[in-house]
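To start, the structure under review is shown below, and the notes come after it.
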Number of protein chains: 2
Amino acid sequence: MNGDGEEEQTAFEIAVVVPRRTGKQGDESYDCVEFLVDVFRKAGLIVDRVIGFQEEFIKLAAPLETLGRAAAELQLKKRTHFGMDLPFEGDEAEAFVRQPDGSLFSWCERYHCYHHIIYGVVNKSKSVITLKSDGKEFHWKSEESLVRKLELEGIVKEVFPLHDEIKRKWLLRNWALNWWDVTRQPLDEIYSYFGTKIAIYFAFLGMYTRWIFFPAIFGVTLQLVDFGSWQLLVLPVFFISIISWAVLFFQFWKRKNSALLARWQISCPFGEDPGYNFLEMEWSSFQSPVELIKKWGNDKTKEKELFQRKEWFGCLMRFRNDAIIILSIICLQLPFELAYAHLYEVIGSDLMKFGLTVVYLFAIQYFNKIGGKISVRLIKYENNESTEYKADSLIYKVFGLYFMQSYIGIFYHVLLHRNFATLRQVLIQRLIVSEVLENLMENSLPYLKYSYKKYRAIRKKRKREKGLSTGKTQFIYRVEKEYLKPTYSASVGAELEDGLFDDFLELALQFGMIMMFACAFPPAFAFAALNNITEIRTDALKLLVMFKRPIPRAAATIGAWLNIFQFLMVMSICTNCALLVCLYDQEGKWKIEPGLAAILIIEHVLLLIKFVFSRLVPEEPAWVRANRMKNATQAQDMCSKQLLRTISGNEKTSSLLEKID
Amino acid sequence: MNGDGEEEQTAFEIAVVVPRRTGKQGDESYDCVEFLVDVFRKAGLIVDRVIGFQEEFIKLAAPLETLGRAAAELQLKKRTHFGMDLPFEGDEAEAFVRQPDGSLFSWCERYHCYHHIIYGVVNKSKSVITLKSDGKEFHWKSEESLVRKLELEGIVKEVFPLHDEIKRKWLLRNWALNWWDVTRQPLDEIYSYFGTKIAIYFAFLGMYTRWIFFPAIFGVTLQLVDFGSWQLLVLPVFFISIISWAVLFFQFWKRKNSALLARWQISCPFGEDPGYNFLEMEWSSFQSPVELIKKWGNDKTKEKELFQRKEWFGCLMRFRNDAIIILSIICLQLPFELAYAHLYEVIGSDLMKFGLTVVYLFAIQYFNKIGGKISVRLIKYENNESTEYKADSLIYKVFGLYFMQSYIGIFYHVLLHRNFATLRQVLIQRLIVSEVLENLMENSLPYLKYSYKKYRAIRKKRKREKGLSTGKTQFIYRVEKEYLKPTYSASVGAELEDGLFDDFLELALQFGMIMMFACAFPPAFAFAALNNITEIRTDALKLLVMFKRPIPRAAATIGAWLNIFQFLMVMSICTNCALLVCLYDQEGKWKIEPGLAAILIIEHVLLLIKFVFSRLVPEEPAWVRANRMKNATQAQDMCSKQLLRTISGNEKTSSLLEKID
């Protein structure tokens, strides 16, 4: 995994796809693809051109200097040896911390730089430049981005990140196919290959799987051992212990998350705002502090008002959107789900049931798609501060939909019909379905798509080159193979989320399923544990083999999902209490007897435990905080004198100016 | 309020109390008091000596230069015009933001400096200096603090801050006696006279009083208007609305708090650690980053382990202490309180009841004192990071005691005896008692103490000067009057908390009383509103007239009390549901009918509301955050280049050194 620096720099990491043109190659100076390649070369990129079956691929690599220049232009904040994040500068590269694998920039930063270089090529001359492509002519206006223009014209079909064969193979061997490691994963390597967000997902999945062994063993024991007259007492004990387990798990996950970020030298602790970058832009116009203070009377209050108005408007919009989603879920989805559950219960014949389920499955596919689209549209009206906020907002909304869909039918069985047999059956069904089918689907569907595309590409090529067919035609370049692979994208709203959405959704729905009905079917945890062990490897395989390399995202926590998991936990306190009441009150007397009162008390105690425990275990390990503090202090100590001089210098100048006025 | 700088500097703000010596004043060079005054003068303080009836008072004032020197020695972090907090330096005084009243240092900072100057006088010579006082001789060792030594010897009796007559009178006129302002208060002036903590208390009290008008009006309406058949529906509506009111109130309080801090240019937002100063000391020994990185293999992990061990040990100690407190409250206090409540219910004769109550009141006084002492001792074993953390820990523990004491008897009446008449009676009793008696006590007790002390002082003086008595003897210096006034201290653990503890406790107990039994007695809110209006003025009066000027504290939020208020709110959701169940289920059937189920559902919905609402209203107003961000960015922009150069310079040097090695 420790490729030396030289090798690192020359790896081709981005491919730009342009159509394969007709053979004639005269008049190169005006052909836009030739022009584009020329421009990339001038921008300092290393260009390799590959002509595939149907398209031409421009593979790009960036030497360190080019990346450094782009990073300096972007004012990319990077961790320095002092722990402070400072804007990158080429001359002072040694001040910045290197990645665990020895390179200066992380994959996410490199991608950011590539993006900046590729899309940053603008027409700097004042005149319009005319470009030609296969006889078609178009005008590249002043200050227009070349690649954007070409995308609009349909010449640049896609810009996608390329897999790094050496690292990919290493990961495949040591991670995806290394089943014997069970929950152990090479997280540092995953981080440096896929970026923070995906590494955090796998870290979470691994830790979740490790922790789930405890309730799994407990649950199976409960199922196998007959406790006789103690049976009535065992379930509440199980209930309390799994809730405590969940509370502790999430607290320790938060600690693990911040420890990981400290290891990767990423500074985004829980307290800080991801909105930083957004605000920074607004304030880039530097204002003298004296001016600011003087303006307190008029401008400051105005500014404050502006902010407040904006803030409350944002709140209102968010509130409205949430209300719309919640109301539509309650008024539209709930009756539909209940109708299905009721019909399923009522209908006698198995064939009819099967038909109903098929119709239902199609209907919910459609529903989810509509729901996702509506959510994405609604979110556009919210002025969320960054893309990650928007993505979180989407996650909450869409999860609401899935939550209703997944659990309301089960609740119906439990609460209205007290049908525990059906409940257990449904739980086993869903868990096995999710285990076997979803993992299969996840991997096979992309592969089938890819195979079909490849087949079509080869057939087309054959058609075109009829008669000329040789063995060589069968050879397909790796870059074209990758191009044909599907993108790692979410089932809803591709613009805000990537495939992690579906993976997390699966995990959250599974968590909800096993937690909320824990008392009805304790061995569910064992199913989940098995599922997660396979999930780790199949997800790894999916990312490494089935998909294009995903675009790296900077998000450093699991974001909205943590809140969703915690919400599910609180829900599970309530539902398990309801389950226990149903279990112990089989005659339907609904009388508050000591047992029932005890359950109510247990509920309240657990709710208390949830909030007390979360306070007891600090979210950030002490050593991480100490490190952070030390860094902040060091940096301040270093620059405080100089800063003070500058500030008071400013002050003096401005007061002098005042006197002159 | 805008005393100009000149006047500000010469105000005497600290008094040192030494015994009045016998008349003979020869041999001054060896007299320790003369020596002390000399030393103070040399340290740059302005000294004024007042000879009172019994003691002699050394009044101290510090010119700006002296304060500045002390602040620079202390490396006092001060807000600069760039919004960054930097250590103070005398030369660059203009870089620092001035207080709202135009002075450079806030009262808290000034006190800190005075403290440093007064206690910082050490024997710099290597030899022991012999000092004399009224014939007694003692040795001032090398490196020993003079004032500490004199305190040990009983010569310096007290060091206390002095009231500023001009500002005090202004505040008295415009704040304490200005009843027509109802809840409006001159917060900026309070802040500059008393420091952050007290100003935040009054801001909280004012806002709480303003907000409580709404439920007060609602509650009184409920009492006065007869809703007929709707009566059953009105109470739940009232219940839901007061819970929403409380949730919103606390969210808006957090916003108000951060807005106030932004106005006063204090940087302690909710996310940040107050533990900063503690850690800073540890890290003051500067370590080269390269060394640190190299040590990753051995030292870093060791350090991490050390931190983790310390952290978990701290957790364990805290857990143990909390367990001790909770267990002793449940096992010792609960039976006692229940016994009292039961006896009170059982005993028929009024005289016996009265006697029982008297015994009970004495017993709980004693209990509280013991509880406080135990808590303080337990806290000493916790390695809390700062004094404010310790104070918070004490608050939680002592509040647990008071919580049991105040409410368990009431719960007993409600739940076991369903005695709503007694409940209402108890509520009215307690509210009126707290309104009238406590306010009276608060003000009269210190006054009586003060009067008694003054009387004794004058009588002693008279005795001593028998026959010489003239009109002049009756004249008592202001500084002596202040010396005779009691200190603003807490009823428990004077070392960790000041009088604000009792004021907040009163407020919290009142809040719990009106919230937890809201459905049983809605007009309680009106009582509380009246109480709070008087509370604002009487507390102000108390601070300005009855007590010595309190020692300023830097804490910038209401700390533990916010959590306690929120805990009481959650408790009130549960208790009100229980009350509603009791009210609607008068026959004691305990059957889950639609009404009862509805109440259970309401409870869960309200708990949900609590956690959703708190997410909906951001804790920090957008403009405050934007301001903070802007400041951080500006500061970073300014020093990033220089910092980078320094860091990479360090890197280069160290790598050179490596090569040489």
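The values are calculated or read from the model by the stated rules, or taken from the named source; none is laboratory data. The structure presented is a predicted model; accordingly, all values stated were derived computationally and were not measured. Neighbour counts run over all protein chains shown; Cβ positions are idealised from the backbone, glycine included.
Name the residues in the range B:120-154 that are among the polar types (S, T, N, Q) and assigned to a helix (DSSP H, G or I), would you?
Residues satisfying the conditions do not exist here.
Taking the criterion of being away from chain A (no Cβ under 14 Å) and either on the phi < 0 side of the Ramachandran plot or modelled with pLDDT of 80 or more (or both), would at least one residue in the range B:313-324 satisfy it?
yes
Here are some conditions: (1) at pLDDT 85 or above; (2) touching a helix residue (DSSP H, G or I) at 6+ places or on another chain (Cβ under 8 Å); (3) basic (Lys, Arg); (4) farther than 29 Å from residue A:627 by Cα. Residue A:132 meets all but one. Which one does it not meet?
(1)
Any residue at all in the range B:200-223 that's at pLDDT below 85 and over 20 Å from residue B:628 (Cα atoms)?
Within the range B:200-223, none of the residues are at pLDDT below 85 and over 20 Å from residue B:628 (Cα atoms).
So, in the range A:76-89, exactly how many residues are more than 7 Å from chain B (Cβ to nearest Cβ) and at pLDDT 75 or above?
Adding up the residues that qualify gives 5.
This table checks each residue for (1) under 26 Å from residue B:619 (Cα atoms); (2) touching a residue at least 12 places away in the same chain (Cβ under 8 Å).
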{"position": "B:533", "(1), (2)": "no, yes"}
{"position": "B:537", "(1), (2)": "no, yes"}
{"position": "B:545", "(1), (2)": "no, yes"}
{"position": "B:557", "(1), (2)": "yes, yes"}
{"position": "B:567", "(1), (2)": "yes, no"}
{"position": "B:580", "(1), (2)": "no, yes"}
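Mind listing just one residue for me: the one in the range B:249-271 that is at pLDDT below 80 and away from every other protein chain (no Cβ under 12 Å) and, of those, surrounded by the fewest Cβ atoms within 10 Å (Cβ to Cβ)?
This residue is B:267.
Between residues in the range A:301-322 that are in contact (Cβ under 8 Å) with a residue 60 or more places away in the chain and residues that are outside any helix (DSSP H, G or I) and acidic (Asp, Glu), which pairs lie under 8 Å by C-beta distance while being six or more apart or on different chains?
So the pair list comes out as A:314/A:382; A:317/A:382; A:318/A:382; A:321/A:382.
State all residues of the range B:30-46 that are touching a residue at least 12 places away in the same chain (Cβ under 8 Å) and more than 31 Å from the chain's Cα centre (by Cα); if no residue qualifies, say none.
Hits for the range B:30-46 are B:30, B:31, B:32, B:33, B:35, B:36, B:37, B:39, B:43, B:44.
Residue check: is residue A:158 at pLDDT 85 or above, closer than 29 Å to residue A:13 by Cβ and exposed (fewer than 12 other Cβ atoms within 10 Å of the Cβ)?
Spelling it out, it is not the case that residue A:158 is at pLDDT 85 or above, closer than 29 Å to residue A:13 by Cβ and exposed (fewer than 12 other Cβ atoms within 10 Å of the Cβ).
Going by the conditions given, is residue A:611 within 12 Å of chain B (Cβ to nearest Cβ) and at pLDDT 75 or above?
In short, no.
Return yes or no: is residue A:418 touching a residue at least 60 places away in the same chain (Cβ under 8 Å), assigned by TED's automatic domain parsing to the domain that holds residue A:575 and not in a helix (DSSP H, G or I)?
yes
Could you say whether any residue in the range B:123-143 is surrounded by fewer than 16 Cβ atoms within 10 Å (Cβ to Cβ) and β-branched (Val, Ile, Thr)?
The answer is yes, given that some residue of the range B:123-143 is surrounded by fewer than 16 Cβ atoms within 10 Å (Cβ to Cβ) and β-branched (Val, Ile, Thr).
So is residue A:216 buried (at least 21 other Cβ atoms within 10 Å of the Cβ) and under 25 Å from the mean Cα position of the chain (by Cα) or not?
The answer is no for residue A:216.
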